[in-house]
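For reference, the structure is listed below as structure tokens.
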């Protein structure tokens, strides 16, 4: 359940309340009965590390798992072109 932060205009107290998203915002302070306003506070949600982009959310295609092989129409002496374009596979003939 989300935690919302409120500030009372009467006693100037800042307090937090757990409420459902569908619940109406508080209108009065539980201590003095004064009018309250909902504050916008910093979120605790953070994206850290490299996992977000390594999982394919960066917008570019995720071809890391594609095999490195020459096209079927090429001859037996054809050199493979890696799908990643940079020869990142150590076993790929195109990596040298």
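Below are the figures for this structure:
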| quantity | calculated |
| --- | --- |
| Selection count where residues are exposed (fewer than 11 other Cβ atoms within 10 Å of the Cβ) and more than 29 Å from the chain's Cα centre (by Cα), scope the range 1-26 | 1 |
| Which listed residue, of 95, 80, 88, is in contact with a helix residue (DSSP H, G or I) (Cβ under 6 Å, 6 or more places away or on another chain) and modelled with pLDDT under 60 | 80 |
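The values are calculated or read from the model by the stated rules, or taken from the named source; none is laboratory data. Bear in mind that the values here come from a model prediction, so they are computed numbers and not experimental data. Note that we place each Cβ from the backbone using ideal geometry, even for glycine, and neighbour counts take in every protein chain shown.
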